[in-house]
1. Per residue of region 207-213, in order, report the coupling 6.51 cos²θ - 1.76 cosθ + 1.60 (Karplus, θ = phi - 60°) as ³J(HN,Hα) in whole Hz, putting x for Gly and Pro.
2. Quick one: which of 112-118, 186-192 comes out on top by average Cβ neighbours within 10 Å, and what's the full order, highest first?
3. Distance from a point 7 Å along Cα→Cβ of Asp424 to each backbone N in region 485-501: keep the residues under 18 Å and list them by number.
4. Between the helical axis of 35-47 and the dominant principal axis of the chain, each derived from Cα atoms, what acute angle in degrees is found, rounded to the nearest 10?
5. Give me Rg over Rh for region 29-188, both radii from the alpha carbons and Rh done the Kirkwood way, two decimal places.
6. Multiplying the sequence separation of Arg413 and Gln511 by 0.36 nm and subtracting their Cα-Cα distance, what value in nm do you get?
7. In what sequence, highest mean first, do 50-60, 446-456 appear when ranked by Cβ atoms within 10 angstrom?
8. What does the helix-only formula give at 222 nm for the chain: each DSSP H stretch with n ≥ 4 adding -39500 (n - 2.57), the total divided by the residues, and the result rounded to the nearest 500 deg cm²/dmol?
Amino acid sequence: MTRPIGRHGLSTWASLVLFALLFVRAAPASAAFDFNVLGERARLLAAGPYQPPTVSPNAKLAELSYDDYRDIRFRPQASWWRDAGLPFELQLFHVGNGYTSPVKLYEVVGGREQPLAAPKSAFDYGRAAPAMQGQNQAQIAGFRVHFPLNDLTYKDEVVVFQGASYLRAVGAGQHYGLSARGLAIDTVGGSGEEFPAFEAFWLERPAKGASSLVIHALLNSPRTTGAYRFVVRPGASTAIEVQARIFLRAPVATLGIAPLTSMFFYGENQPLAGDFRPEVHDSDGLQIETGDGEWLWRPLVNPKQSFTTSFAMQGLRGFGLMQRDRQFASYEDPEARYDQRPSVWTVPRGDWGPGRVELMQFHSPNETNDNVVAYWVPERLPAPGQPLDLAYTMHWQGQAQQRPPGAFTQQSRSGRSHAEPAADELQFNVDFTEGKPCKLPGDEPPAVVLTTGDNARRLLANAYRHPITKGWRMTLKVLRRDAQQPVELRAFLTCGPDVLTETWTYALPPQ
């Protein structure tokens, strides 16, 4: 939320005039700019030694508490492009608290770049005002884009870029939830995760009546650089088209492409006693469409320790961290509105070749931590200095989201029923949607195709028509051989020779 002008007694008109005079700072003549120009800069940057991003010399900003930092509010009247009546507007985030490295901002008009800066008067500093004494220029840590998404008379936040290479977006009727990143390095493997950062942004001035906004970004880290182009198309499902040209400075253990970061605290498969809310999560599962056309669904968990699984394949058609359960009664949280958190479905543009989708989950004691990461890992990487060109589209979806063509999982529940389970016996009840009609002789139910892996033995697998939902309920019982090892289950339903459902694939962490 932004705070109206008035705390410092500055009139709206005076603020606008001062902002217009100071926003474009003195700079050399504008230079030609496009994605290829940025790509060449990323290549040259990769050829030299890594230089860490500049840290704000104002230590008082870094020392701000979380609440005092949140008291720094950008004045909406100072928004970029507001005075020109353009459909998109830009508002800024100030340096402070954990955001200590300023980013560089440029506007691109007519194919030429011009540096931009914001005066101190563009912000209401509130309780943080003492930290800015003696400093006349604001320091920018990121920005948010506004557009009339839900109402033609009001410009909502659509996308945010702030911190490392993180971004978040929403479609109509959605609340911010999971995040995307430009790149993930050694999230799993290596000697520790490396967080590349977008150090500079170029925003193309939109035309009047424009329905999309183009943003370029330069990524840098000790072992990578990259040129990025984002085309943001707000809507019921906000689409962000990404073009990336990545260069390695040095080899990496794991290069995560199109990473998504989310939160899973607990859910129907892992309830929490003592919390009045039935479920708390930004995403409830990982959805994948392989290059062979198989659809996979992996419910998320909150493990006791770090837990990594992956899906190797020869090609990828799409993957995403999804919030399938969109019923308010599943969450009962009128403030957080987990039922309105977006799903993100990522579709490669072009052939990404063989590789794997990797899912890393770690324990979170509460809902304030993002403890889920999913990304694509290419099987082959270029040599240092050679480009890796990739393109993909992220769809930030709400009620209408990507579904498999057949029946899909509505919920996964684990635990005992009326019968006392045997030692190390695991039971799962999985509900699928109705999908295609299944007519077998004698009203025979669909068959369950179950794979248990080496650490479990099948005890029971059946399916029957759910009398309430009219879909299918699959019940599985397996015996776990070693509680100190994970259990991997894969199951789907068939109707004669036809596959009826997506593949439900569950990974149970070690106990």
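FYI, it's all coordinate maths here, none of it is from the lab. Everything numeric here is computed off the predicted structure, so don't read it as measured data. Here the Cβ positions follow ideal geometry from the backbone for every residue, glycine too, while neighbour counts run over all protein chains shown.
1. Going residue by residue, I get 7, 5, x, 5, 10, 9, 10 Hz, with x marking Gly and Pro.
2. 112-118, 186-192
3. Label zone hits: 485-489.
4. Taking Cα atoms only, the helix is inclined about 90 degrees.
5. 0.97
6. 33.5 nm is the gain from fully extending Arg413 to Gln511.
7. Going from most to least packed, we get 446-456, 50-60.
8. Helices in the chain give a 222 nm mean residue ellipticity of -2000 deg cm²/dmol.
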